[in-house]
Every structure is written in structure tokens, then in C-alpha cells.
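Novice: Quick one: the structure is below, questions incoming.
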Amino acid sequence: MKVLITGGTGGIGFAVAQQLGSEGHQVILADLNPALLHSKQQQLQQQGIEAQVQQLDLTSQDSIDACAALQVDVLVNNAGIQHVARLDDFPPEKWAQLIQVMLTGPAMLSKALLPGMRQRGFGRIINVGSIHALVASPFKSAYVAAKHGLLGFSKVVALENADFDFTINTICPAYVRTPLVEAQIADQCREHGLTEQQVIEQIMLAPMPQKAFIGVDEIAGTASFLCQSAARHITAQTLVLDGGWTAR
């Protein structure tokens, strides 16, 4: 299968690329930075994984539409950004950017690729959501809104495309120690006057019974499962990797 992964040079996206590529799938890394894309492509090729790259700007409809020609079987909507602020202080342009990258962009990219999937009679869309698709945290209104929106979007697309071998699902991990989260840890240290360990224990992992970051390998393994025949009737679902967070 041919797999397109947005945010493919990041921690989660690259782990998904390694997992699916190691299983024999052809992966396409999609991201903004051409130099980083080619560097990651070389890493995969050195591991014996067939990889292509696609420069993609999820804020540009032309850039999104250009992906339609790739004829992919699996789309992994993984790209994400963050901005932390009270709604009172949230810049409107930053709000719009987060919604565009993490909700509108994935929706329009799905729209661009769905006709090809339908024509070939097979398709998988895997959204990388977040624990914040299910629960909220202060100062993350745009991020939480985008991730909540992915779940509703997925349900509608599943219903509209239930007449062929197609599924769409959302993987929702608790905190994963990616560069995005590392930046949040630093921000929280400054905001609350806490040490890094205090932020991790008292803020990030406090709601999680298992008290651990989710590994990128867990997300990659879940994505792999969703591509398999055994998951062919799992659609419109939210797969939550949260160490018991939402059991409370």
C-alpha cells in the first residue's frame, strides 16, 4: 500500500513511517521543510524502506490539491501545532492557524484523496488526535476545539463512505514526549515557576493513573493494526491510548 503521512518528519509521523515502511508499505513523508524531508527520507532508505517526499502546506488549498495525484491508499493525518494562551489573549490569526492545520487541512486533504480511494475500492484514513479530543485543559482552546472536531468529522466521513472497503479512525494518545510537548513543558516551567520534573508529575501526568508518557511505537503499532484486514470493520472509532486517564 502507498501511505501518505502528514507531519511525517516529526516524532510520531516518522515512527509511523518506520513501522509501516518496515512492513513493506511505500511511505510518503509530507511536511513543510524540504531539507528535513530529504534528510528523513535518507534515514528511511538507509533502513531499507521505500520512501518518497511531498512538500505540503496545510494552510494552502493548492498544496493540498496537489496531493490528489499521489493516488495513496492510506492517509495519516498527523501534522499538528500548538499555542497556549487564555482565550482573552489568544491571537485570532493563531486560532485560525491551529484550526486550519489540524481540522480544516485534514478534512480538505481527505476530500482530495477520497475519489482515488473510491475508484480503487480501498482506503484508510487514520487521524492522530489527542487525549484533548476527549477532555479539555486550560489555555488550549484552539487545539482542543480542533481535536474534538476530528472525531465528529470522522464519523460523518465514515457514514458517507460505508459502501466500499474504507475506514476512518482517530488515535487519541495522552502526552507523547515529542518536541511539541517538550516546548509545552518549558512553557509550563516558566508560567508556574516549577521544575521540569514538577511540571511532568504535577500537571502533565497527574490525571493519568499509569503515570507515563505514551510511546511513539504505541501509536505506530495502532496505525499498523488499523491498516490490516482484521480492522476492516473498525470505522468511525476513537482509539484511546491514555493509561486510564478517561476511566475516571
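Novice: For L98, which of the numbered conditions (1) surrounded by fewer than 17 Cβ atoms within 10 Å (Cβ to Cβ); (2) not in a loop (DSSP other than H, G, I, E, B) fails to hold?
Specialist: L98 satisfies every listed condition except (1).
Novice: Pairs, please: C-beta under 9 Å, at least 6 apart or cross-chain, first residue within 16 Å of S130 (Cα to Cα) and in segment 90-106, second assigned to a helix (DSSP H, G or I) and among the charged types (D, E, K, R)?
Specialist: Sorted first by the residue in segment 90-106, then by its partner, the pairs are M102/K147; L103/K147.
Novice: Further, regarding this structure: State whether the residues of segment 227-237 include one that is farther than 22 Å from A162 by Cβ and touching a residue at least 40 places away in the same chain (Cβ under 8 Å).
Specialist: No, every residue in segment 227-237 fails to be farther than 22 Å from A162 by Cβ and touching a residue at least 40 places away in the same chain (Cβ under 8 Å).
Novice: Then there's this: Criterion first (of a type in the set (S, T, N, Q) and closer than 17 Å to A220 by Cα) does Q19 satisfy it? Working first, answer last.
Specialist: On the way: of a type in the set (S, T, N, Q): yes; closer than 17 Å to A220 by Cα: yes.
For Q19, the condition - of a type in the set (S, T, N, Q) and closer than 17 Å to A220 by Cα - is met.
Novice: Looking at segment 124-154, which of the residues that are out of contact with any His (no Cβ under 6 Å at 6 or more places or on another chain), in a helix (DSSP H, G or I) and over 14 Å from H83 (Cβ atoms) is most open to solvent (accessible area, probe 1.4 Å)?
Specialist: H148
Novice: From M108, M102, which residue is over 13 Å from the mean Cα position of the chain (by Cα) and at pLDDT 95 or above? Spell out how you get there, then give the answer.
Specialist: On the way: M102 fails: over 13 Å from the mean Cα position of the chain (by Cα).
Every option except M108 fails the conditions.
Novice: Now for a different question. Only one of L4, L44, L36, L29 is part of a helix (DSSP H, G or I), open to solvent by less than 20 Å² (accessible area, probe 1.4 Å), more than 30 Å from P138 (Cβ to Cβ) and touching a residue at least 24 places away in the same chain (Cβ under 8 Å). Can you tell me which?
Specialist: Values: L4 fails: part of a helix (DSSP H, G or I); L36 fails: open to solvent by less than 20 Å² (accessible area, probe 1.4 Å); L29 fails: part of a helix (DSSP H, G or I).
Just a single option satisfies the conditions, and that option is L44.
Novice: Same structure again: Among the residues of segment 238-248 satisfying the criterion of being open to solvent by less than 80 Å² (accessible area, probe 1.4 Å) and assigned to a helix (DSSP H, G or I), which is farthest from D163 (Cα to Cα)? Working first, answer last.
Specialist: Step one: of segment 238-248, the residues open to solvent by less than 80 Å² (accessible area, probe 1.4 Å) are 238-246.
From what's left, assigned to a helix (DSSP H, G or I): 245-246.
Working: W245: 35, T246: 33 Å.
Looking at residues that are open to solvent by less than 80 Å² (accessible area, probe 1.4 Å) and assigned to a helix (DSSP H, G or I), I get W245.
Novice: Please work out which residue is surrounded by the fewest Cβ atoms within 10 Å (Cβ to Cβ), limiting yourself to segment 47-61 and to residues that are outside any loop (DSSP other than H, G, I, E, B) and of a type in the set (A, V, I, L, M).
Specialist: Going residue by residue through segment 47-61, those that are outside any loop (DSSP other than H, G, I, E, B) are 51-55, 61.
From what's left, of a type in the set (A, V, I, L, M): 51, 53.
Details: A51: 22, V53: 20.
Only one residue fits best here, namely V53.
Novice: From Q54, Q82, grab the single residue that is of a type outside the set (F, W, Y), within 23 Å of V181 (Cα to Cα) and touching a residue at least 40 places away in the same chain (Cβ under 8 Å).
Specialist: Values: Q54 fails: within 23 Å of V181 (Cα to Cα).
From the options Q54, Q82, the qualifying one is Q82.
Novice: Any idea which residue in segment 173-222 is nearest to the chain's Cα centre (by Cα), counting only those that are at pLDDT 95 or above and of a type in the set (S, T, N, Q)?
Specialist: Ranking the qualifying residues of segment 173-222, first place goes to T222.
Novice: Could you check D65 against (1) more than 27 Å from A145 (Cβ to Cβ); (2) loosely packed, with under 15 Cβ neighbours inside 10 Å; (3) in contact with a helix residue (DSSP H, G or I) (Cβ under 7 Å, 6 or more places away or on another chain) and say which number it fails?
Specialist: Evaluating D65 over (1) more than 27 Å from A145 (Cβ to Cβ); (2) loosely packed, with under 15 Cβ neighbours inside 10 Å; (3) in contact with a helix residue (DSSP H, G or I) (Cβ under 7 Å, 6 or more places away or on another chain) leaves (1) as the failure.
Novice: Let me ask another. Quick check: is even one residue across segment 169-177 of a type in the set (F, W, Y), open to solvent by 10 Å² or more (accessible area, probe 1.4 Å) and either under 30 Å from K211 (Cα atoms) or assigned to a strand (DSSP E or B) (or both)?
Specialist: Filtering segment 169-177 for residues of a type in the set (F, W, Y) gives 175.
If we keep only those that are open to solvent by 10 Å² or more (accessible area, probe 1.4 Å) too, we end up with 175.
Restricting the remaining residues to those that are either under 30 Å from K211 (Cα atoms) or assigned to a strand (DSSP E or B) (or both) gives 175.
Yes.
Novice: Output the residues belonging to segment 101-110 that are surrounded by fewer than 22 Cβ atoms within 10 Å (Cβ to Cβ) and under 14 Å from L70 (Cβ atoms).
Specialist: S110
Novice: With the requirement that a residue be closer than 16 Å to Q18 by Cα and either aliphatic (A, V, I, L, M) or open to solvent by less than 50 Å² (accessible area, probe 1.4 Å) (or both), what does segment 188-223 give you?
Specialist: Looking only at segment 188-223, we keep the residues that are closer than 16 Å to Q18 by Cα, and these are 215-223.
Correct list: G215, V216, I219, A220, G221, T222, A223.
Novice: Here is a list of conditions, (1) more than 26 Å from D73 (Cβ to Cβ); (2) open to solvent by less than 40 Å² (accessible area, probe 1.4 Å), and L226 meets all of them except one; can you say which number that is?
Specialist: (1)
The values are calculated or read from the model by the stated rules, or taken from the named source; none is laboratory data. These figures come from a predicted structure and were not determined experimentally. A quick note on method: Cβ atoms are made from the backbone with ideal geometry, for glycine too, and the neighbour counts reach across all protein chains shown. For accessibility, only protein heavy atoms count, side chains too; no ligands or nucleic acids. Shrake-Rupley method; radii C 1.70, N 1.55, O 1.52, S 1.80 Å.
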